[in-house]
Amino acid sequence: MSSQKKRNFKIEAFKHKVEVDPKYAEKTWKILEHAIHEIYNHNASGLSFEELYRNAYNMVLHKYGEKLYAGLVTTMTWHLKEMSKSIEAAQGGLFLEELNRKWADHNKALQMIRDILMYMDRTFVPSSHKTPVHELGLNLWRENIVRSSKIQTRLVSTLLELIQKERTGEVINRGLMRNITKMLMDLGSSVYQEDFEKPFLEVSASFYSGESQQFIECCDCGEYLNKAERRLNEEMERVSQYLDAKTESKITHVVETEMIANHMQRLVHMDNSGLVNMLVDDKYDDLSRMYNLFRRVPEGLSTIREVMTSHLRETGKQLVTDPDKLRDPVDFVQRLLNEKDKHDKIISAAFNNDKTFQNALNSSFEYFINLNNRSPEFISLYVDDKLRKGLKEVSEEDVEMVLDKVMMLFRYLQEKDVFEKYYKQHLAKRLLSGKTVSDDAERSLIVKLKTECGYQFTSKLEGMFTDMKTSQDTMQGFYASQSASDSTDGPSLAVQVLTTGSWPTQPIAPCNLPPEILGVCERFRTFYLGTHTGRRLTWQTNMGTADMKATFGKNQKHELNVSTYQMCILMLFNSSDRLTYKEIEQATEIPASDLKRCLQSLACVKGKNVLGKDPMSKDIAEDDTFMVNDKFSSKFFKVKIGTVVAQKESEPEKQETRQRVEEDRKPQIEAAIVRIMKSRRVLDHNNIVAEVTKQLQSRFLPNPVVIKKRIESLIEREFLERDKADRKLYRYLA
């Protein structure tokens, strides 16, 4: 087979040239121009959009895009100028309606025109860097309508006038306002901001400045805040109805500045209605309103906080320094708790549980509670009152609530060790007299104190409870051993064996006990020392009680509950009819102060006067004579004769307690100094004082002068030495 020749293919041009009608562009544009006129004249229903689209497509295809675009600008501008005349001619309230109507017409026309010129929009416009049709329509509307000299000013003033009418209570067409402001936003954020928002904010500032001045002259603080809140809410609602959402923060800032920030000081200090009056009268609604309004402005909350703190410190200072209010310690602490509850409720109900306000409240309480150095003693007396009788028949939850409140006041104390001293004394009396309402409540408070201050704080208190339990077991053992032997009938004995160191006892020489009692006491001593080796017993006769059977004139029989001292006095009258003060003192050897109190209780208290006194007076003198009161009678068989004792400490007792506290602090301060110096090795004086204060502030605030003395003492005992070059520098000696 012969191979075929390769053939070369060639594409040739058309033999005839395609001629375009020279008037093609003009004719086509005329068709499109006519269509645009018809669209603006609301006659679009007769148009063929497909044909129009093809004409526009062909013009762009044949490179007549420029002509098409220029023609569009010219035609739209002409129509907008015609619309402008119509809008300018509208009178009064019709002005905005006409503007709104023409804007709607223009938008509708723009949509149709964009559909027809879609191909131009997609190809010619991007390549020649022109503005797209829709954007072009908005720009032309802005230049020819909104920013035309005759419309621009009139538009802004009309809008502001309508808003002013609404502020004064008139009803306006919000739908129309919404459309107009929406138009301004559609034309670009700068148009809305420059042409409307900026003048709107200026006019608003002027309006609220005048109104706030007017309100503050004629309203009290609560009314003013009410009006300010209402205005703020109105402005926020206005924004949500017909303004741009971004305007909200700007207009609320204007209202806040003019109505709140500019008048803050005057509002909080307003006579008879300011913040202090609201706090005193528990006006939760007004306080809440003030808090919510002031939090919106800079320094608002700090202004409220400062005034509240100042008021709290002033009232608290009066509370803790007023001599009349210090007479009853229980009432004094109850007032503090009431004040705390009141302000806690205010912070919770009105101040949104704001932590900064809670901190201000705490610092104020800490400030004024520590102005009175008897606060630790009074708080302990309050606890004593509650745990003796105040919490009888009270639910566990309520007991816990009272104890929590006590702990809250305890946290404010700087001298927690002073509280511990008094609390220990009061707890000892409660336990030994069996007067505590509930062991559970006592233990609960000790657990709370332990959580707050650590094991060291409560170890001795827990030891007191242990002693009470051990004593019960000891007494059972004693009576078991007695019943086995041939014991004679005699007074029954209940002994509490207290560990020295755990109890707040002072070494007091025991008084002379009656012989009947001495016998059974000796038997107990023999039993106890026989079962516990290496121990020593000392009778604390000042802390005991006794039940005695007594027979008065006409065979009147009673059972008397008295202290051990009172028992010793009364037993003397079994063998004597009359005794002088000196004879009683000599026979019993009871300390003079205690003896006078006991005799006062036995002879001078109405209804409890089992002894008579000659001469009769309220006070005990050393030349008084005493005898049994045969005429004594009581409707009760059991008569409890308490000891006349001041609830609060007397001044000498107070001084003595303070002295003991100061002595107890010395080793604690020294231990802290040694701990610090052991770890630091070398430290200057000021830093030692700061570190010691920091370490000990959970128990008490050490005095810098005392710290200096303890440092001197440690230097003398060669724990520390001064630096030879710098006298303020200390070194630890290992």
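The values are calculated or read from the model by the stated rules, or taken from the named source; none is laboratory data. Everything numeric in this text was worked out from a predicted model, so none of it was measured. Neighbour counts run over all protein chains shown; Cβ positions are idealised from the backbone, glycine included. Calculation scope for accessible area: heavy atoms of the full protein, side chains included, ligands and nucleic acids excluded. Shrake-Rupley method; radii C 1.70, N 1.55, O 1.52, S 1.80 Å.
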Select the helices (runs of 4 or more DSSP H) contained entirely in the stretch 376-487, then report the ones holding at least 3 residues which are polar (S, T, N, Q) and within 22 Å of Arg699 (Cα to Cα). 455-484
Determine whether Asn703 is modelled with pLDDT of 85 or more, of a type in the set (S, T, N, Q), more than 30 Å from Asn609 (Cβ to Cβ) and under 39 Å from the mean Cα position of the chain (by Cα). no
Out of all the residues in the stretch 340-375, which are assigned to a helix (DSSP H, G or I) and farther than 30 Å from Phe294 by Cβ? Ser375
Of the residues Arg313, Arg305, Arg335, which single one is within 21 Å of Tyr224 (Cα to Cα) and either of a type in the set (D, E, K, R) or part of a loop (DSSP other than H, G, I, E, B) (or both)? Arg305
Just checking, which of Val320, Val307 is more than 19 Å from the chain's Cα centre (by Cα) and modelled with pLDDT under 95? Val320
Restricting the search to the stretch 298-314, which residues are open to solvent by 40 Å² or more (accessible area, probe 1.4 Å) and either among the basic types (Lys, Arg) or closer than 18 Å to Met408 by Cβ (or both)? Arg305, Arg313
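Per-residue answers, yes or no, for (1) in contact (Cβ under 8 Å) with a residue 60 or more places away in the chain; (2) of a type in the set (Asp, Glu); (3) in a helix (DSSP H, G or I):
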position: Thr252; (1), (2), (3): no, no, yes
position: Glu256; (1), (2), (3): no, yes, yes
position: His263; (1), (2), (3): no, no, yes
position: Ser273; (1), (2), (3): no, no, no
position: Asn277; (1), (2), (3): no, no, yes
When only residues in the stretch 504-524 that are hydrophobic (A, V, I, L, M, F, W, C) and modelled with pLDDT of 80 or more count, which is most open to solvent (accessible area, probe 1.4 Å)? Leu518
Return the pairs, sorted by first residue and then second, in which the second residue is of a type in the set (A, V, I, L, M, F, W, C) and at pLDDT 90 or above, the first residue lies in the stretch 399-418 and is over 16 Å from Phe368 (Cα atoms), the beta carbons are less than 6 Å apart, and the residues are 6+ apart or on different chains. Lys405/Leu337
Within the stretch 409-458, can you find the residues that are touching a Pro at 6+ places or on another chain (Cβ under 8 Å) and either aliphatic (A, V, I, L, M) or open to solvent by 40 Å² or more (accessible area, probe 1.4 Å) (or both)? Leu413, Glu415, Val418, Lys421, Ala428
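I'm trying to understand the selection: among the residues of the stretch 604-616, which are over 54 Å from the mean Cα position of the chain (by Cα), open to solvent by less than 50 Å² (accessible area, probe 1.4 Å) and not β-branched (Val, Ile, Thr)?
Leu611, Gly612, Lys613
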What is the number of the single condition among (1) open to solvent by less than 40 Å² (accessible area, probe 1.4 Å); (2) more than 28 Å from Thr466 (Cβ to Cβ); (3) in contact with a Gly (Cβ under 9 Å, 6 or more places away or on another chain) that Glu339 does not meet? (1)
Conditions (1) charged (D, E, K, R); (2) surrounded by fewer than 15 Cβ atoms within 10 Å (Cβ to Cβ); (3) more than 49 Å from the chain's Cα centre (by Cα) -> Glu161 fails only (3)
All positions within the stretch 361-379 that are in contact with a Leu (Cβ under 8 Å, 6 or more places away or on another chain) and open to solvent by 10 Å² or more (accessible area, probe 1.4 Å): Asn370, Asn372, Arg374
